[in-house]
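A short write-up of the structure that comes next.
The values are calculated or read from the model by the stated rules, or taken from the named source; none is laboratory data. Everything quoted here is computed from the prediction, not taken from an experiment. All Cβ positions, glycine included, derive from the backbone under ideal geometry; neighbour counts span all protein chains shown. All accessible areas refer to the heavy atoms of the entire protein, side chains included, with ligands and DNA or RNA removed. Shrake-Rupley method; radii C 1.70, N 1.55, O 1.52, S 1.80 Å.
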Amino acid sequence: MSLFRTKNIDALIASTASDTGGLKRVLGPVDLVLMGIGAIIGTGIFVLTGTGALTAGPALTLSFVIAAMACGFAALCYAEFASAIPVSGSVYTYSYATLGEIVAWMIGWDLMLEYGLAASAVSVGWSGYFQSLIGGFGLHLPTVLTAAPGAIPGQTTLFNLPAFVIMLAITALLSIGVQGFAKLNNLMVAIKVGIVLLFIVVGAGYVKPANWAPFMPFGFSGVFSAAALVFFAFIGFDAVTSAAEEVKNPKRDLPIGIIGSLAVCTVLYVIVSAIMTGIVPYPKFAGVDHPVSLALQYAGQNWVAGFIDLGAILGMTTVILVMAFGQSRVIFAMSRDGLLPPVLSKIHPRFSTPFVTTWLIGAVFSLFAALVPLNVLAELINIGTLAAFTLISIAVLVLRKTKPDLHRAFRCPGVPFVPLLAVGFCVFLMLNLQSITWMAFGIWLSIGFIVYFGYARRRSLLHPR
């Protein structure tokens with residue numbers, strides 16, 4: 001009856017050992033690295049770099065390093081869990097095996113919102129770049145279909161049609177099989193990384209070191225505030241662990257996917273932000289939602305700026321893909337444990353995907369994307385992710401104590417110091433978020449408690465029968 005009852009790890013792993021009637025193991029290490037890059041490189045590099053520059057100035061590079069350190073310490077903890085417990089559900093499953101059911105439920109409830117809102121928020125950003133792209137060809141949507149109600153001051157907008165359509169299109173792709181999703185993701189990631197590298201090669205020649213002075217115009221407070229903001233840019237590498245049951249060799253490949261994707265993206269983010277602020281004086285990014293292409297326009301390279309816009313669209317598409325994928329797998333795992341209705345863990349006989357779950361979340365969050373302004377969608381994303389990273393770091397310490405003999409293909413180095421550093425960095429960044437974000441997060445968690453005690457607890461497979 002305990003709220004902190006845990007799942008047996010050996011039974012948990014054994015339950016996924018057979019491919020019969022379950023998810024197909026089709027993904028390799030390259031797929032996972034590209035999946036992580038696909039989730040990370042998107043809104044963060046193409047949109048938030050401008051906002052971050054206004055907060056930190058040229059020291060935005062330090063903000064990215066600080067955010068990456070928080071993610072890096074947490075990534076090492078994720079990698080240990082992923083190699084030891086290669087089961088769908090990400091931090092939800094890991095928490096269930098170590099910290100107990102109530103903690104697992106709340107973090108699963110948190111992840112449901114995080115992934116869904118991230119997909120919706122990026123869909124709104126995708127819509128803006130898409131409308132900008134077709135506008136270059138003289139094509140324009142009716143104003144009422146360009147944004148959510150109240151999203152554009154002074155204009156009557158009712159429904160964000162492009163955001164709605166891209167969410168449903170991605171839902172359709174995910175519902176018919178992970179292999180096709182992986183191939184499309186790999187192709188788009190290759191293209192967008194190529195475009196980012198094109199920006200680096202072209203933009204480096206237009207950098208003026210004078211634009212980096214003063215390097216830290218807003219002091220360390222600006223650097224830390226920007227780090228809490230651009231942390232959003234790194235959200236996504238944890239979604240790689242949601243694919244655990246669809247990986248050919250999860251104990252080896254999951255750590256490669258997690259750490260490899262984060263390392264590649266950190267290097268790209270630091271270089272791009274340095275070049276951006278070296279080309280354009282940081283105050284000029286005010287009110288700009290396409291800062292990377294603006295930098296090249298400022299340098300007179302308009303033809304390359306057009307490629308950057310295309311890269312932004314592809315980049316955001318892969319983020320939506322991976323976020324929607326991660327959310328469906330977390331809900332699948334929770335349903336399989338009895339905490340959500342059983343229909344949500346049914347596998348389609350032909351496509352081998354959680355078909356009903358995929359379409360349900362696609363329908364719900366496509367409406368969020370169409371009807372809710374971007375600034376509202378973004379409120380909870382960072383704090384939910386930081387909470388998940390904090391818990392996974394604590395869980396590593398608990399598992400080392402309770403299961404010291406558990407086979408770990410990858411071991412987090414520097415225990416207990418690395419997990420404690422992860423907790424410290426994540427809590428510090430959480431404290432730099434706005435109070436309204438904390439309030440909204442508390443309301444969502446309160447709803448989660450009501451659902452748990454009203455439905456999930458009695459239907460859990462661990463509940464005494």
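Things worth noting here:
- Count - residues of segment 415-442 that are of a type in the set (Gly, Ala, Ser) and more than 14 Å from Phe389 (Cα to Cα): 3
- Unique match (being out of contact with any Asp or Glu (no Cβ under 9 Å at 6 or more places or on another chain) and either among the small types (Gly, Ala, Ser) or in contact (Cβ under 8 Å) with a residue 60 or more places away in the chain (or both)) among Val124, Val87, Val91: Val124
- In segment 281-293, residue farthest from the chain's Cα centre (by Cα) [restricted to those that are surrounded by fewer than 20 Cβ atoms within 10 Å (Cβ to Cβ) and of a type in the set (A, V, I, L, M, F, W, C)]: Ala286
- Qualifying residue in segment 130-147 (condition: closer than 24 Å to Thr49 by Cα, aromatic (Phe, Trp, Tyr) and open to solvent by less than 50 Å² (accessible area, probe 1.4 Å)): no
- Exactly one residue out of Val65, Val30, Val26 is more than 19 Å from the chain's Cα centre (by Cα) and surrounded by fewer than 21 Cβ atoms within 10 Å (Cβ to Cβ), and it is Val26.
- Where helices (runs of 4 or more DSSP H) fall entirely within segment 205-324, those with at least 2 residues that are under 30 Å from Met112 (Cα atoms) and of a type outside the set (D, E, K, R) are at 219-230, 250-279.
- Selection status of Gly315, at pLDDT below 85 and open to solvent by less than 10 Å² (accessible area, probe 1.4 Å): yes
- Segment 293-338: number of residues that are within 13 Å of Ile41 (Cα to Cα) and either free of Cβ contacts under 8 Å to residues at least 40 places away in the same chain or among the charged types (D, E, K, R) (or both): 0
- Entirely in segment 344-454, the helices (runs of 4 or more DSSP H) that have 2 or more residues that are within 30 Å of Pro162 (Cα to Cα): 355-371, 374-377, 381-402, 435-451
- Residues satisfying the stated conditions in segment 40-62, i.e. of a type in the set (Val, Ile, Thr) and open to solvent by 10 Å² or more (accessible area, probe 1.4 Å): Thr43, Val47, Thr51, Thr55, Thr61
- Filtered by the rule that a residue be in a helix (DSSP H, G or I) and more than 22 Å from Ala121 (Cβ to Cβ), segment 150-192 gives Val178, Gln179, Gly180, Ala182, Lys183, Asn186, Leu187, Ala190, Ile191.
Conditions tested, residue by residue: (1) of a type in the set (A, V, I, L, M); (2) open to solvent by 30 Å² or more (accessible area, probe 1.4 Å); (3) within 24 Å of Met323 (Cα to Cα).
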site: Leu187; (1), (2), (3): yes, yes, yes
site: Pro209; (1), (2), (3): no, yes, no
site: Phe224; (1), (2), (3): no, yes, no
site: Asp238; (1), (2), (3): no, no, yes
site: Val247; (1), (2), (3): yes, no, yes
site: Arg252; (1), (2), (3): no, yes, yes
site: Leu262; (1), (2), (3): yes, no, yes
site: Val272; (1), (2), (3): yes, no, yes
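- Scanning segment 320-343 for residues that are more than 21 Å from Phe164 (Cα to Cα) and under 20 Å from the mean Cα position of the chain (by Cα) returns Arg329, Val330, Ile331, Phe332, Ala333, Met334.
- Only a single item in (1) farther than 20 Å from Tyr129 by Cα; (2) open to solvent by 10 Å² or more (accessible area, probe 1.4 Å); (3) part of a helix (DSSP H, G or I) is not met by Ala333, and it is number (2).
- Phe441 meets each of the listed conditions (1) more than 22 Å from the chain's Cα centre (by Cα); (2) within 23 Å of Phe231 (Cα to Cα); (3) aromatic (Phe, Trp, Tyr) apart from (1).
- Residue in segment 233-246 that is within 30 Å of Val26 (Cβ to Cβ), in contact with a Leu (Cβ under 8 Å, 6 or more places away or on another chain) and among the charged types (D, E, K, R) present: yes
- Residue match in segment 322-343 (condition: within 22 Å of Phe231 (Cα to Cα) and aromatic (Phe, Trp, Tyr)): yes
- Residues of segment 102-161 classified as over 30 Å from Thr390 (Cα atoms) and of a type in the set (Val, Ile, Thr), total: 7
- Single residue of segment 329-364 satisfying the filter (at pLDDT below 90 and aromatic (Phe, Trp, Tyr)) that is farthest from Ile436 (Cα to Cα): Phe351
- Scanning segment 160-174 for residues that are open to solvent by less than 30 Å² (accessible area, probe 1.4 Å) and farther than 18 Å from Ala39 by Cα returns Asn160, Pro162.
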